[in-house]
Amino acid sequence: MSSESGLTRKKLSKTLKPHWVWAIALGSSIGWGSFVLPADWMQGVGPMGVILGLCIGAVLMAIIAISYGVLIKNYPVSGGEFAYAFLSLNRIHAYISGWFLTLGYICIVALNATAFALMLKFVFPDFIQNMKMYEVAGWDVYFTEVIVVALLVGFFTFLNIKGSGLSGRMQFFFVCVLILGVFTLTGLMTVNEATSFSNMSPAFSPEAASPLAAILTILAIAPFAYVGFDNVPQAAEEFNFSSKKALTLIMMALLFAAIIYSFMIITTAVAAPWQDTANAGALWGTGDVVTEILGNGGMIILVIALSMGIFTGLNGFLISASRVLFAMARGKVLPERFSRLHTKHNTPYFAIIFAAIVAIVAPFFGRNVLGWIVSMSSVGVSIAYFYTCYAAFTMLKWKKEDRKFNPDLHIVGPGKKFIAIIGMVSSVAFLALLLIPGSPAQLGTESFVALLIWVVLGFIFYLVRRSELQSYNREELAYLILGEGQFKRGDDDK
């Protein structure tokens, strides 16, 4: 293919070990939210509403993950959902999937970096709250905070340019420390004589219309809470092991993520009547109760665990954002410079630097504005989940006879095909909860505006790139996106 068309397909080095990939999935799924948001989540929902909502969300993510496992096994290439949308549909849908994913991933890099500054603001307020520049949407922007974010993102940018092997090894170390910190913290909080499980009553907030409404409110944020397990397909091209293991690694990551989320809710709720903690309006409710019960020693453990969660989220999504940009450029959707590889480390250095620069610029707009954009990006993540499940649905067949038209592409798997249908329905349900007026988890007006702006920008950018993208036929794009011999369909969507 490459010799006939004159195209050359760039490839990434296979350096990632299985436990590193598991750490990328788990560390990205946890991030900062499990340590910073428990008090906010409990407000109007209740501790059991949060735990059940997140656990059910993990089950739905696991259902969706089965489709990811099928596709990673057969198409271990960078780009993940971008590649899958092209495989099952066409270049336009691939572009849509990649466009939303890129925004979501880069925003989460920025959100994790600003979360580190937010943590320092709680621990060392006099240090961070220096050199105020201005206020955006009620959020004070300090120059010191911007510098902290820039230094942190710069460190992980350097780490990622040096190679996925180095960033993967560091990710595993960070995750191990994170797990140890969470388990230690929950153990100390639950056995302390000043705490009680009775503080978790009532299980559901009286403010909620019903326990089901409370659960649905949290369930709607599951794509945001667990986004990160889908970083695995972005790194699939760099596996130095069989891609058949990918699904097991994802499932283990989701299980640990659900446990960690639940433990941090319990840690926050047992300290005092949870309604008091949730309604206090504190900058960091979990930090307040841990300090009150365990003193400075408990706060140190919490800060270390939170820092690890921030580092793993930042590192994992920087890997994924750069790989999506690399894959889109390799597939001619983005300019060629995004697919440039470092001459020594063979990493997509331009894509890494671009994602880092966007993340560094984000704090200038204030964390509230960034929060609107991240909330909106949950829509994009749900769309990407749908594309993945649809791709698996089209590849899988109910019985052997269904493969006669294209045996090279299709595989028999009635059970997994049915699960792919459930995954598609779940993805649509997540979108409905976010977009339908009156839904308990409807996006705010600001997030809707951000979504509209991003859609319009995506349409304009597509028009700019359309002529070059259309100059390649489907077979050529399939070679660039999926690799040699990975695409056997004869249809053309040009």
Open item on the list: Checking the structure you have, find out if any residue of segment 279-302 is closer than 18 Å to Gly57 by Cα and part of a loop (DSSP other than H, G, I, E, B).
Closed with: no
Open item on the list: Tell me whether segment 137-149 contains one or more residues that are free of Cβ contacts under 8 Å to residues at least 60 places away in the same chain and on the phi > 0 side of the Ramachandran plot.
Closed with: no
- [ ] Output yes when any residue across segment 85-95 is small (Gly, Ala, Ser), under 19 Å from the mean Cα position of the chain (by Cα), in a helix (DSSP H, G or I) and crowded, with 24+ Cβ neighbours inside 10 Å, and no when none is.
- [x] yes
- [ ] Go through segment 357-397 and give me each residue that's open to solvent by less than 20 Å² (accessible area, probe 1.4 Å) and closer than 23 Å to Tyr142 by Cα.
- [x] Ala359, Ala362, Pro363, Gly366, Leu370, Val374
Open item on the list: Given the criterion assigned to a helix (DSSP H, G or I), among the small types (Gly, Ala, Ser) and more than 30 Å from Val21 (Cα to Cα), identify the matching residue among Ala194, Ala213, Ala150, Ala209.
Closed with: Ala213
- [ ] Go over the candidates Phe204, Phe172, Phe224, Phe229 one by one and state the one that is aromatic (Phe, Trp, Tyr), more than 16 Å from Val50 (Cβ to Cβ) and either touching a Gly at 6+ places or on another chain (Cβ under 7 Å) or assigned to a helix (DSSP H, G or I) (or both).
- [x] Phe172
- [ ] Answer yes if at least one residue in segment 426-448 is in contact (Cβ under 8 Å) with a residue 60 or more places away in the chain, of a type in the set (Asp, Glu), in a helix (DSSP H, G or I) and open to solvent by less than 80 Å² (accessible area, probe 1.4 Å), and no otherwise.
- [x] no
Open item on the list: Looking at segment 53-72, I want the residues that are more than 19 Å from Ile215 (Cα to Cα) and have a partner that is of a type in the set (Asp, Glu) and modelled with pLDDT under 90 with Cβ atoms under 7 Å, at least 6 apart or on another chain. Which pairs are those?
Closed with: Tyr68/Asp230
- [ ] Starting from residues that are farther than 17 Å from Leu302 by Cβ and among the β-branched types (Val, Ile, Thr), keep the ones in segment 36-55 and report whichever is surrounded by the fewest Cβ atoms within 10 Å (Cβ to Cβ).
- [x] Ile51
Open item on the list: Looking at segment 169-184, can you tell me whether even one residue there is surrounded by fewer than 21 Cβ atoms within 10 Å (Cβ to Cβ) and farther than 22 Å from Phe35 by Cβ?
Closed with: yes
Open item on the list: List the residue pairs whose Cβ atoms are under 6 Å apart, where the first residue sits in segment 97-119 and is farther than 18 Å from Val456 by Cα and open to solvent by less than 10 Å² (accessible area, probe 1.4 Å), the second is modelled with pLDDT of 85 or more and charged (D, E, K, R), and the two are 6 or more positions apart or on different chains.
Closed with: Ala117/Glu145
Task: Tally, over segment 260-317, of residues that are buried (at least 24 other Cβ atoms within 10 Å of the Cβ) and among the aromatic types (Phe, Trp, Tyr) - done: 4
Open item on the list: Being closer than 23 Å to Ala113 by Cβ, part of a helix (DSSP H, G or I) and open to solvent by less than 10 Å² (accessible area, probe 1.4 Å) is the filter here; which residues of segment 329-356 pass it?
Closed with: Ala351, Ile352, Ala355, Ala356
Task: Residue list for segment 91-127, filter: over 21 Å from Leu431 (Cβ atoms) and not hydrophobic (A, V, I, L, M, F, W, C) - done: Arg91, Asn112, Thr114, Lys121, Pro125, Asp126
Open item on the list: For the list (1) touching a residue at least 24 places away in the same chain (Cβ under 8 Å); (2) open to solvent by 50 Å² or more (accessible area, probe 1.4 Å); (3) among the acidic types (Asp, Glu), I need the number of the one condition that Glu193 fails.
Closed with: (1)
Open item on the list: Among the residues of segment 206-236, what is the count of those that are modelled with pLDDT of 85 or more, more than 16 Å from the chain's Cα centre (by Cα) and open to solvent by 10 Å² or more (accessible area, probe 1.4 Å)?
Closed with: 9
TODO: Quick one: which residue in Val77, Val59 is β-branched (Val, Ile, Thr) and open to solvent by 30 Å² or more (accessible area, probe 1.4 Å)?
DONE: Val59
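Yes or no, residue by residue, for (1) in contact with a strand residue (DSSP E or B) (Cβ under 7 Å, 6 or more places away or on another chain); (2) at pLDDT below 90; (3) not hydroxyl-bearing (Ser, Thr, Tyr):
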residue	(1), (2), (3)
Val412	yes, yes, yes
Gly415	no, yes, yes
Phe418	no, no, yes
Met424	no, no, yes
Ser427	no, yes, no
Pro440	no, yes, yes
Phe448	no, yes, yes
Leu452	no, yes, yes
Val455	no, yes, yes
Open item on the list: So if I check each of Gly104, Gly79, which one is assigned to a helix (DSSP H, G or I) and either under 20 Å from Val369 (Cβ atoms) or within 21 Å of the chain's Cα centre (by Cα) (or both)?
Closed with: Gly104
TODO: Taking Lys121 as meeting all but one of (1) of a type in the set (D, E, K, R); (2) modelled with pLDDT under 90; (3) closer than 27 Å to Arg330 by Cβ, write down the number of the exception.
DONE: (3)
- [ ] Would you mind telling me which numbered condition in (1) charged (D, E, K, R); (2) part of a helix (DSSP H, G or I); (3) in contact (Cβ under 8 Å) with a residue 60 or more places away in the chain; (4) open to solvent by 10 Å² or more (accessible area, probe 1.4 Å) Arg323 fails?
- [x] (4)
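The values are calculated or read from the model by the stated rules, or taken from the named source; none is laboratory data. A quick note: this is a predicted structure, and the numbers were derived from the prediction, not measured. Cβ: placed from backbone, ideal geometry, glycine included. Neighbour counts: every protein chain shown. Heavy atoms of the whole protein, side chains included, go into the accessibility calculation; ligands, DNA and RNA do not. Shrake-Rupley method; radii C 1.70, N 1.55, O 1.52, S 1.80 Å.
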